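The values are calculated or read from the model by the stated rules, or taken from the named source; none is laboratory data. Please read these numbers as outputs of a predicted model, since none were measured by experiment. We place every Cβ from the backbone using ideal geometry, glycine too, and count neighbours over all the protein chains shown.
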Amino acid sequence: MGNSKRRIRPWVRWAAAFLALAFVFTFSAQSWITVKIAADDANAARDYLARQTGYVNAGSLERLRTKLQTLAQPDGLEDYYRLAETAIAAEEYEEALGSIEQCLALYQPEFGDTLKTELLLKQGCLLTILGRGAEAAPVMEQVIALAPALADAYLVLAQIYAEAGDAPAACGALEGYLEQQPDAADLRLLLAQLYLAQGQTELAAGQAEILTARGGADEADLAGLLGEIGLARLEAQDQAGALENFRAALALDAEAGPLSYYAGLCCLVLEQYDEAVEHYTRAIDQQTMPQLSRYGRGAAELMRAEPDLETAREDLTFAARYDGEDEDPTITRQAQDLLELIEQ
């Protein structure tokens, strides 16, 4: 009854783009559920620096005072820190990194872990912005060891691992972030997609359950995720689990025609013929997979306790004579065979 190959976009491209360019994550339903990533002009590392650097957020008078203080020859940690702030504001990241590294060289244990954490976090962010992720990752791991509740650190680390193509590490970093920010629905959606891309369907399903329980996700986005999980379960021959996901997805987005077809397919296999007819009818109304949907509805109608033979005959005749670009010769033959049985 038509098994389409499940198409998963290469996770590295879109996960890295999501973390590096935007915190906007949506789905769009075409003939399949796909990922759409909207770009922004900020990334996790740059976003942190912009929010946490005092000079960037200071008023004009305070900025002038800081700028004047940096004109003298720096001779201490505080001087280099001011230089780093002004360089970050000017997006002169190489210079900023040099100043932060000078701060780290001048750091003494008696200054406390809070200052060390901040300096390391700025160093890691700057290395990330400069495309030196391999150097940034161990720095960010140090930050997390010093401040395990610092959500920003996990997010920057997730960006680093995503850009490096390390899916398990990126997932681990996102899990750490979500422990601190459990209501970040967009990042939880991304984590679920990463799990799906690695074939870890049940981990993705766990994230979908959390999203469903907590709320906060766009209904179309969540429907897309549930649909993807259902398709993965269907591939694994778990029709009952897949049907549960398709039902949930369609409750959120009844216009997802392809999911109506697959829900009908699951019901047909599970011998739930009345519901199968309902799902196939919705797919037909939305002009989704016309030959497959009409064949499926015709077959399901024949199996009902009180079949409508005329409706079944019409559907199977349509499938047998279908000549569209997506015509499936196997379905054509099967429809012809069923028609012959009806006539007999």
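Structure notes:
- Annotation note: of 225, 302, the sole residue that is surrounded by 19 or more Cβ atoms within 10 Å (Cβ to Cβ) and either modelled with pLDDT of 95 or more or under 30 Å from residue 183 (Cα atoms) (or both) is 225.
- Residue within the stretch 117-124 that is in contact with a Gly (Cβ under 7 Å, 6 or more places away or on another chain), closer than 25 Å to residue 179 by Cβ and either crowded, with 24+ Cβ neighbours inside 10 Å or touching a residue at least 60 places away in the same chain (Cβ under 8 Å) (or both) present: no
- Listed by position, the helices (runs of 4 or more DSSP H) contained in the stretch 262-344 that have at least 1 residues being touching a Gly at 6+ places or on another chain (Cβ under 8 Å) and among the β-branched types (Val, Ile, Thr) are 273-285, 309-321, 329-343.
- Residues located in the stretch 271-290, provided they are without any contact (Cβ under 8 Å) to a residue 60 or more places away in the chain and at positive phi: 271, 287
- The condition of being under 15 Å from the mean Cα position of the chain (by Cα) and modelled with pLDDT of 90 or more does not hold for residue 146.
- The residues in the stretch 176-193 that are within 11 Å of residue 225 (Cα to Cα) and touching a residue at least 40 places away in the same chain (Cβ under 8 Å) can be counted, and the count is 3.
- Consider the stretch 228-247 and keep the residues that are farther than 17 Å from residue 193 by Cβ and in contact with a Leu (Cβ under 8 Å, 6 or more places away or on another chain). The one that is surrounded by the fewest Cβ atoms within 10 Å (Cβ to Cβ) is 240.
- Any hit, the stretch 110-132, residues being more than 23 Å from residue 175 (Cα to Cα) and in contact with a Cys (Cβ under 6 Å, 6 or more places away or on another chain): yes
- Test: residue 194 is in contact with a helix residue (DSSP H, G or I) (Cβ under 6 Å, 6 or more places away or on another chain), within 20 Å of residue 144 (Cα to Cα) and part of a helix (DSSP H, G or I): no
- Only one of the numbered conditions (1) surrounded by fewer than 24 Cβ atoms within 10 Å (Cβ to Cβ); (2) polar (S, T, N, Q); (3) touching a Leu at 6+ places or on another chain (Cβ under 7 Å) is violated by residue 180, and that is (3).
- Where helices (runs of 4 or more DSSP H) fall wholly inside the stretch 90-169, the ranges with 1 or more residues that are β-branched (Val, Ile, Thr), within 24 Å of residue 78 (Cβ to Cβ) and touching a Leu at 6+ places or on another chain (Cβ under 9 Å) are 93-106, 113-129, 133-146.
- Residue check for residue 282: under 23 Å from residue 209 (Cβ atoms) and of a type in the set (Lys, Arg): no
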